[in-house]
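Some notes on the structure that comes next.
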Amino acid sequence: SDVEQAALAWLPPHVTADEVGNAVFEWWKGDRKLAVYVSTTDKTFVKVWGSNIVDEMAEGSIDSLEEFVNLWRWILE
């Protein structure tokens, strides 16, 4: 609903669980990948735009709806 309120297109995610039972939502668009991990205590992300783990990947916490919407804008670019 936050994506729709920001007037952005929605892409259906690939939904799975990681090895400790957190929900994992993944989106791909071109060379970009966004993975969001949701546990009972926090939400984190990994974004990838190439194969170099130092220069073409980033990770962090999602602490607000604005941060998620900014990630969403990034995947749609």
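Below, the figures for the structure above:
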{"item": "Index of the failed condition, D2 passing every other in (1) at pLDDT 95 or above; (2) surrounded by 10 or more Cβ atoms within 10 Å (Cβ to Cβ)", "result": "(1)"}
{"item": "Count - residues of segment 10-26 that are touching a helix residue (DSSP H, G or I) at 6+ places or on another chain (Cβ under 9 Å) and either more than 20 Å from V48 (Cβ to Cβ) or of a type in the set (S, T, Y) (or both)", "result": "1"}
{"item": "Count of residues meeting criterion [in contact with a Leu (Cβ under 9 Å, 6 or more places away or on another chain) and open to solvent by 40 Å² or more (accessible area, probe 1.4 Å)] in segment 14-31", "result": "3"}
{"item": "Count of segment 16-31 residues which are part of a loop (DSSP other than H, G, I, E, B) and of a type outside the set (S, T, N, Q)", "result": "6"}
{"item": "One residue from A35, A9 being within 16 Å of I75 (Cα to Cα) and surrounded by 12 or more Cβ atoms within 10 Å (Cβ to Cβ)", "result": "A35"}
{"item": "Qualifying positions in segment 47-57 - part of a strand (DSSP E or B) and either modelled with pLDDT under 95 or open to solvent by less than 40 Å² (accessible area, probe 1.4 Å) (or both)", "result": "V48"}
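The values are calculated or read from the model by the stated rules, or taken from the named source; none is laboratory data. Every value quoted in this text rests on a predicted model; they were computed, and no experiment measured them. Counting neighbours? That spans all protein chains shown, and the Cβs are built from the backbone with ideal geometry, glycine included. Surface areas here come from the heavy atoms of the whole protein model, side chains and all, with no ligands, DNA or RNA. Shrake-Rupley method; radii C 1.70, N 1.55, O 1.52, S 1.80 Å.
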